[in-house]
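Let me begin by presenting the structure, written as structure tokens, before commenting on it.
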Amino acid sequence: MIEHGLFWGCCLLAALSGVGAATVRNLFHAALLLGLCLLGVAGLYLFLQAWYLACIQVVVYLGGILVLVLFATLFSSDILGQRQVPSRAQQVGGVLAAGLGTAAGLHLLVVTLDHGLRLEQQRGPVHLADTGVGTAGGIGDLLVGSWFAPFLVAGVLLTVALVGAVATVKRYRRPAGGSP
Amino acid sequence: MSSLHADSLTAYLVVATVLFASGLLAIATRRTAIGVLIGIELLLNSAALQFAAYGRFRAGAVDVQGQSSSLFVVVVAAAEAAVVLALFFAVYRTSRDVDLEQTRELRS
């Protein structure tokens with residue numbers, strides 16, 4: 001019973017703070033709500049028996065990306081207290097886009113109910129923990145096995161992105177002693 | 001909905017759908033680059049959650065490919081955040097503003 005409570009708590013936390021991050025006016029509060037949402041998704045990963053993924057979610061997203069976003073929010077301090085008011089066209093476009101996204105997701109749900117859940121009822125969910133594949137060792141075996149090429153590509157992508165990011169920021173640095 | 005019980009594929013997909021719609025809403029309505037970045041992060045999280053959920057509930061096959069796909073989504077998100085924030089600082093240095101409606105150029 002307590003597991004069900006935790007599961008629905010994680011679901012509500014992820015969904016509500018996700019909606020809040022998209023709609024709340026203050027951008028700093030939106031970034032903090034994004035952190036709550038990431039935490040809820042990490043909890044859902046635990047329920048999916050993806051232990052390693054949950055750790056990565058907390059370390060990379062909460063520890064890395066969220067800190068970067070918060071830093072950027074605080075860096076441009078003039079927008080901290082400023083309220084973000086979308087224009088009328090943006091509001092209409094946003095509601096249309098969100099409606100389209102929801103419709104696509106609902107369609108996905110219907111398709112899943114038709115196909116996936118029937119199989120799920122026949123055999124039940126696969127318990128990944130029984131075979132140890134949700135752990136770091138299981139994922140590591142796969143990454144250096146059949147997923148070796150994507151693993152290398154991801155490494156190259158990260159390197160290129162980080163070097164490019166540093167180069168972009170350096171390029172626009174003002175010369176020392178130059179006029180602002 | 002009879003199939004919406006705890007720890008079911010449908011529950012995960014409902015959460016992922018809500019996150020996806022929120023991300024689209026944020027991308028379409030935010031005026032600042034940081035708000036759009038938050039929307040993109042929501043979209044990527046929705047995708048990663050769906051990968052992991054489908055990987056778990058794939059009947060009769062014990063593999064971890066769904067989780068590995070989620071891992072790659074996280075890698076892409078990290079790279080994207082680094083590049084977007086570098087661009088953000090470049091734009092902020094030239095125009096002292098990150099309003100996407102006003103920003104027209106990267107170079108001063």
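The values are calculated or read from the model by the stated rules, or taken from the named source; none is laboratory data. Owing to the predicted nature of the structure, the values given are computational and were not obtained by experimental measurement. Cβ coordinates were reconstructed from backbone atoms using ideal geometry, including for glycine residues, and neighbour counts include every protein chain displayed. Remember, those area values only see protein heavy atoms, side chains included, never the ligands or the DNA or RNA. Shrake-Rupley method; radii C 1.70, N 1.55, O 1.52, S 1.80 Å.
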*Might you check whether a residue that is among the small types (Gly, Ala, Ser), outside any helix (DSSP H, G or I), at pLDDT below 70 and more than 23 Å from A:Lys170 (Cα to Cα) occurs anywhere in the stretch B:61-75?*
yes
*Check A:Tyr45, A:Tyr61, A:Tyr52 and return the single one that is more than 22 Å from B:Phe57 (Cα to Cα) and within 9 Å of chain B (Cβ to nearest Cβ).*
A:Tyr61
_Just to be sure before I move on: is A:Leu32 farther than 30 Å from B:Thr94 by Cα and either in a helix (DSSP H, G or I) or at pLDDT 95 or above (or both) in the structure I sent?_
no
_So if I check each of A:Gln49, A:Gln84, A:Gln57, which one is surrounded by 14 or more Cβ atoms within 10 Å (Cβ to Cβ), part of a loop (DSSP other than H, G, I, E, B) and either at pLDDT 85 or above or under 21 Å from the mean Cα position of the chain (by Cα) (or both)?_
A:Gln49
*Which of the residues belonging to the stretch B:33-57 are within 7 Å of another protein chain (Cβ to nearest Cβ) and farther than 16 Å from A:Leu32 by Cβ?*
B:Leu49, B:Ala52, B:Ala53, B:Arg56, B:Phe57
_Options A:Leu6, A:Leu36; residue that is touching a residue at least 24 places away in the same chain (Cβ under 8 Å), open to solvent by 40 Å² or more (accessible area, probe 1.4 Å) and farther than 19 Å from B:Phe88 by Cβ_ = A:Leu6
*State yes or no: is A:Gly137 more than 8 Å from chain B (Cβ to nearest Cβ), modelled with pLDDT under 85 and either on the phi > 0 side of the Ramachandran plot or part of a helix (DSSP H, G or I) (or both)?*
yes
